[in-house]
1. Hey, can you tell me all the residues within the stretch 68-88 that are modelled with pLDDT under 90, touching a strand residue (DSSP E or B) at 6+ places or on another chain (Cβ under 9 Å) and outside any helix (DSSP H, G or I)?
2. Write out, first by first residue and then by second, each pair whose Cβ atoms fall under 8 Å of each other, whose residues are 6+ apart or on separate chains, and whose first residue, in the stretch 70-88, is on the phi > 0 side of the Ramachandran plot while the second is surrounded by 15 or more Cβ atoms within 10 Å (Cβ to Cβ).
3. Got a sec? Which of PRO65, PRO96, PRO18 is modelled with pLDDT under 90 and crowded, with 17+ Cβ neighbours inside 10 Å?
4. Can you say whether GLY52 is within 14 Å of PRO96 (Cβ to Cβ), modelled with pLDDT under 95 and either surrounded by 17 or more Cβ atoms within 10 Å (Cβ to Cβ) or not charged (D, E, K, R) (or both), as far as the supplied structure shows?
Amino acid sequence: MAKEKSFENGYKASEEFPEYIEHFFYFPRSSDAEMAAEQLRARGWSTKVDLGADDREWLVLATQPARGDEDLNDVFPEMEGLAAKFNGIYDGYGRPADSPDDFIQ
């Protein structure tokens, strides 16, 4: 990788991890959200904890460094378990589009 690529969310790609996956969690209390975020950071992911759009639940946005070939079949139940451990829910994941043409209209 000749030049480091930066994404809109601030993620800086590396040769080892040229992509990222964003995971979305919701928790009833900020303390639960912070404890879950701590466990995600221990995995090497970056996290952001903020009050959700409903102004009641706490959002944890976790950014997982990715190669682009990950099989996420095992990740979903693992993330559901982590959310449940802290009284929350896992709302899934998303990947960035490679180009504007990748967006569904």
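The values are calculated or read from the model by the stated rules, or taken from the named source; none is laboratory data. Since we're looking at a predicted model, the values are computed, not measured. Cβ coordinates were reconstructed from backbone atoms using ideal geometry, including for glycine residues, and neighbour counts include every protein chain displayed.
1. Selection gives GLY68, GLU70, LEU72.
2. From residues that are on the phi > 0 side of the Ramachandran plot, the pairs are ASN87/PHE27; ASN87/ASP32.
3. PRO65
4. Values: within 14 Å of PRO96 (Cβ to Cβ): no; modelled with pLDDT under 95: yes; either surrounded by 17 or more Cβ atoms within 10 Å (Cβ to Cβ) or not charged (D, E, K, R) (or both): yes.
No; evaluated as a whole, the condition is false for this residue.
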